[in-house]
1. Out of curiosity, is Cys198 among the hydrophobic types (A, V, I, L, M, F, W, C), farther than 19 Å from Tyr100 by Cα and without any contact (Cβ under 8 Å) to a residue 40 or more places away in the chain?
2. Inspect all residues belonging to the range 160-181 and state whether any of them is under 30 Å from Gly52 (Cβ atoms) and free of Cβ contacts under 8 Å to residues at least 40 places away in the same chain.
3. Hey, does the range 155-170 have a residue that's surrounded by fewer than 19 Cβ atoms within 10 Å (Cβ to Cβ), among the β-branched types (Val, Ile, Thr) and touching a helix residue (DSSP H, G or I) at 6+ places or on another chain (Cβ under 9 Å)?
4. Determine the pairs where a residue that is within 13 Å of Tyr56 (Cα to Cα) and in contact (Cβ under 8 Å) with a residue 40 or more places away in the chain, located within the range 125-152, has a partner that is among the charged types (D, E, K, R) and surrounded by 18 or more Cβ atoms within 10 Å (Cβ to Cβ) with Cβ atoms under 9 Å apart, the partner being 6 or more residues away or on another chain.
5. Any idea how many residues of the range 172-198 are in a strand (DSSP E or B) and hydrophobic (A, V, I, L, M, F, W, C)?
6. Mind telling me which of the residues Glu191, Glu179 ends up being in contact with a strand residue (DSSP E or B) (Cβ under 7 Å, 6 or more places away or on another chain) and either at pLDDT below 95 or among the acidic types (Asp, Glu) (or both)?
7. Considering only the range 63-119, give the helices (runs of 4 or more DSSP H) lying wholly within it that have at least 3 residues that are touching a helix residue (DSSP H, G or I) at 6+ places or on another chain (Cβ under 7 Å).
Amino acid sequence: MRPLSTSPARTLAIIALVIAALAALYLDQRSGQPAPGDASPSGAEPVAAGSGFDFYVLSLSWSPSYCEAEGEDANRQQCASGRPYAFVVHGLWPQYETGYPESCPTDEPGVADTTLRGLYDLMPSAGLIRHQWRKHGTCTGLSQGDYFAALRAAREKVTIPAAYRRLDAYRTVDPNAVERDFLAANGGLEEEGVAVTCDRRFLREVRICMTRDLAFRSCPEVDRRACTLGRAVMPPVRGG
């Protein structure tokens, strides 16, 4: 059999076809990767980490306790009839290992109405939102927008146990049992990283400690301020 002869032009054409095929394969693979700056594949935007403090406390308030305990002095936006709130965000508080900063200087003293409306699903009071920003958010090293984004991300990190998502009647509870229920519902949450608080009668808050990156962590100083009552009352959710 005679050997096949290949002209220079034919050789160049074959090389060009191979290069084109490899280029097409490379572009196809790249098309499945996010471009720089794109959101992560889960669609979740990264949350800015604060600075100038050691950790956060996410404070969740049992709204019916606040409304009943404060009576006529309670915020009407939160406590008027037909306001079916259960656990709401009281605040996201920057903490030192001992003590905490508050009311730091800021170039953003006010909170816009559009920002307020975007937070009412978490914090049902304009006055509460403004107060939390001025007293606590200003000390996180974050812009106002980043602070409230971190607050929302922290709340989304926590699962409320099913037993406390809504109460239709008064319930007397063991605060330690409530803490155990939160520990069971939130993997990675530590016993020294959560504190259930109360006044002389009502269960008031569940406070959960997080790193500046919003991972659960221990906080012995916060844990030591937990409720010492053997039993506390949780009033029912109003309306709805």
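The values are calculated or read from the model by the stated rules, or taken from the named source; none is laboratory data. What you see is a predicted model; the values in this text were computed from it and never measured. All Cβ positions, glycine included, derive from the backbone under ideal geometry; neighbour counts span all protein chains shown.
1. Numbers: among the hydrophobic types (A, V, I, L, M, F, W, C): yes; farther than 19 Å from Tyr100 by Cα: yes; without any contact (Cβ under 8 Å) to a residue 40 or more places away in the chain: yes.
So Cys198 passes the test.
2. no
3. Going through the range 155-170, the residues surrounded by fewer than 19 Cβ atoms within 10 Å (Cβ to Cβ) turn out to be 156-157, 159-163, 165-170.
Filter once more, so that each one left must be among the β-branched types (Val, Ile, Thr): 159-160.
Among the residues that remain, those that are also touching a helix residue (DSSP H, G or I) at 6+ places or on another chain (Cβ under 9 Å) are: 159-160.
Looking through the range 155-170, at least one residue is surrounded by fewer than 19 Cβ atoms within 10 Å (Cβ to Cβ), among the β-branched types (Val, Ile, Thr) and touching a helix residue (DSSP H, G or I) at 6+ places or on another chain (Cβ under 9 Å).
4. Short answer, once both residue conditions are applied: Thr140/Arg212; Ala150/Arg212.
5. If we filter the range 172-198 for residues that are in a strand (DSSP E or B), which is where we start, we get 172-173, 194-198.
Then drop every residue that is not hydrophobic (A, V, I, L, M, F, W, C), which leaves 173, 194-196, 198.
Residues meeting the conditions: 5.
6. Working: Glu191 fails: in contact with a strand residue (DSSP E or B) (Cβ under 7 Å, 6 or more places away or on another chain).
Of the residues listed, the single one that is in contact with a strand residue (DSSP E or B) (Cβ under 7 Å, 6 or more places away or on another chain) and either at pLDDT below 95 or among the acidic types (Asp, Glu) (or both) is Glu179.
7. Values: elements: 63-70, 76-79, 113-117.
Counting at least 3 such residues, we get 76-79.
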